[in-house]
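Below is one structure, written out as structure tokens; the observations come after it.
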Amino acid sequence: MKKKLTALMTVFALVCMMPYASDIVHAEDFANNQDYYDSVCQKYNKDSETTALCNRYRNWLSEQNKSLSGQVAGINSSIERLKGNIDALQSEINKNQSLIDKLDAQIAKNEAAIKQIQGVIKQLQVEIKQTEADIELRDHQIKDRMRSEQASIGTNAYVEFIMGAKDLVDMVRIVDGIARITENDQDEIKALEADKAKLDQQKEEQERLKKDQEAAKKENEDNKAVVVEAKAAQEALKSEYLKQEADLIEKMRSAESAQQAIQSQIARVDAANFNYEQSNGWIIPVQKAYVSAGTWAYPGGGFHPGKDFAASIGTPVYAPIGGVIVYANNPIPTTNGFLGNWVGYPAGGGNTIHMIGSVNGTTYAISFFHLAQENFLASPGMAVSQGQRIASVGHTGNSTGPHCHVEVFNLGNMSVEAAVAQFSRGADFAWGCGWRTQSTSCASRGYTPCRERPEKFFG
Ligand SMILES: [Zn+2]
């Protein structure tokens, strides 16, 4: 049974290693010949065989895009996980730091207590020494007195016996009851001895307290060493995580930029694959609107490079000619407009669309600004027919009320293909004409690209 299975697997492996016949015939190595397929597929007016080839190339690009999307999403979730780990570690590090701070404060307290106790001990030592000196002094005084009494008593042996006492207490014991030492002497010496014993006891007590504080300090220091070690390990792990995060972010950036490149290839292939309609006239992009500002000048003065179609929010915006959408972006909420709000691309445009098309053999580029976020129907690379709805009137960016600002550029006899390619390089919505002066108008400028008055085409 086992042998049979092994044989079967060998056959399977062989089959897997051999490419299918159909693959050999249709193998198109898109991965290694992208420049070639780009140049073939980004051209207009292809024959049907090339169009089919380019559709396959487009599908392949789309697969690459999908797989890059997957990669980006995967990397993103890894980054999120890492961020979670880093946050958790950071909170542990913070906890340990506050523990270290607490222990440091306790150690400082222990040190202060030890210092204070040492002072007390020093003071007690001085007092003990003083008391000892007092006792010694009394001892001498008594001995001296007894020596002087010796003559009158005349019992040398007795005095020698007393003098042989090993210390004062011993002597007091020996002479106790003998009238040679007065009761006063005895009381005084006993009081001094009691003082000294008390001081010794106090000193012992202070030394015991000092030992307690030293033991507490040692314990706090040992605990701190453990926490410091744990914190260092957590910090090492955190910096490892941060390094991993930086690597992942780098990987994600390169995947994203690869994805952007693929998406722009797709857009160009799509634009070239569309047999866009040559228009032979224009239609008005916003119906039933009133003109709130005409071209070249605002009613209140100032250069106005387009025509403003004022209409209520949500009013459809139509493609005035057939063509290709080269830019479309609607990240901005529909009613965020106000004067001097420079959001959007180009700055202040809010949600914007730029399209390129051809009318009676002349190529035109058209901008639409301040669009609504909702019912935004255009996307880059998309082909649109004349009259097709592409967006809705909004109030986004540098806008004082709901309207759609439209600009028209005459690109002359530049092909739509060349215009798409030029726009994709710089995304210049003004086609080198800038935003400041009427001198780039077609009436003033003797060459293209130039700014047309939209009124020329739609009233
Ligand atoms: Zn305007």
Residues that are within 16 Å of the ligand (Cβ to nearest atom) and β-branched (Val, Ile, Thr), drawn from the stretch 314-345: Thr315, Val317, Val343
Criterion (at pLDDT 95 or above and on the phi < 0 side of the Ramachandran plot) met by exactly one of Ser379, Ser358, Ser367: Ser367
Conditions (1) touching a helix residue (DSSP H, G or I) at 6+ places or on another chain (Cβ under 8 Å); (2) crowded, with 16+ Cβ neighbours inside 10 Å; (3) not aromatic (Phe, Trp, Tyr); number of the one not met by Glu207: (2)
Checking Ala383 against (1) touching an Asp or Glu at 6+ places or on another chain (Cβ under 9 Å); (2) within 16 Å of the ligand (Cβ to nearest atom); (3) among the hydrophobic types (A, V, I, L, M, F, W, C), the condition it does not meet: (2)
Residue pairs meeting the criteria (Cβ under 6 Å; at least 6 apart or on separate chains; first assigned to a loop (DSSP other than H, G, I, E, B), in the stretch 26-38; second at pLDDT 90 or above): Phe30/Tyr37; Phe30/Tyr57; Phe30/Trp60
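Which of the residues belonging to the stretch 295-313 are without any contact (Cβ under 8 Å) to a residue 60 or more places away in the chain and more than 12 Å from the ligand (Cβ to nearest atom)?
Narrowing the stretch 295-313 to residues without any contact (Cβ under 8 Å) to a residue 60 or more places away in the chain: 297-302, 304.
Answer for the stretch 295-313, where residues must be without any contact (Cβ under 8 Å) to a residue 60 or more places away in the chain and more than 12 Å from the ligand (Cβ to nearest atom): Gly300, Gly301.
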Residue within the stretch 388-407 that is among the acidic types (Asp, Glu) and more than 15 Å from the ligand (Cβ to nearest atom) present: no
Criterion: more than 16 Å from the ligand (Cβ to nearest atom), hydroxyl-bearing (Ser, Thr, Tyr) and either assigned to a helix (DSSP H, G or I) or touching a strand residue (DSSP E or B) at 6+ places or on another chain (Cβ under 8 Å) (or both) - qualifying residue of Ser292, Ser254: Ser254
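The values are calculated or read from the model by the stated rules, or taken from the named source; none is laboratory data. Fair warning: this is a prediction, and the values are worked out from it, not measured in the lab. Please note: Cβ atoms are built from the backbone with ideal geometry, for glycine as well, and neighbour counts cover all protein chains shown.
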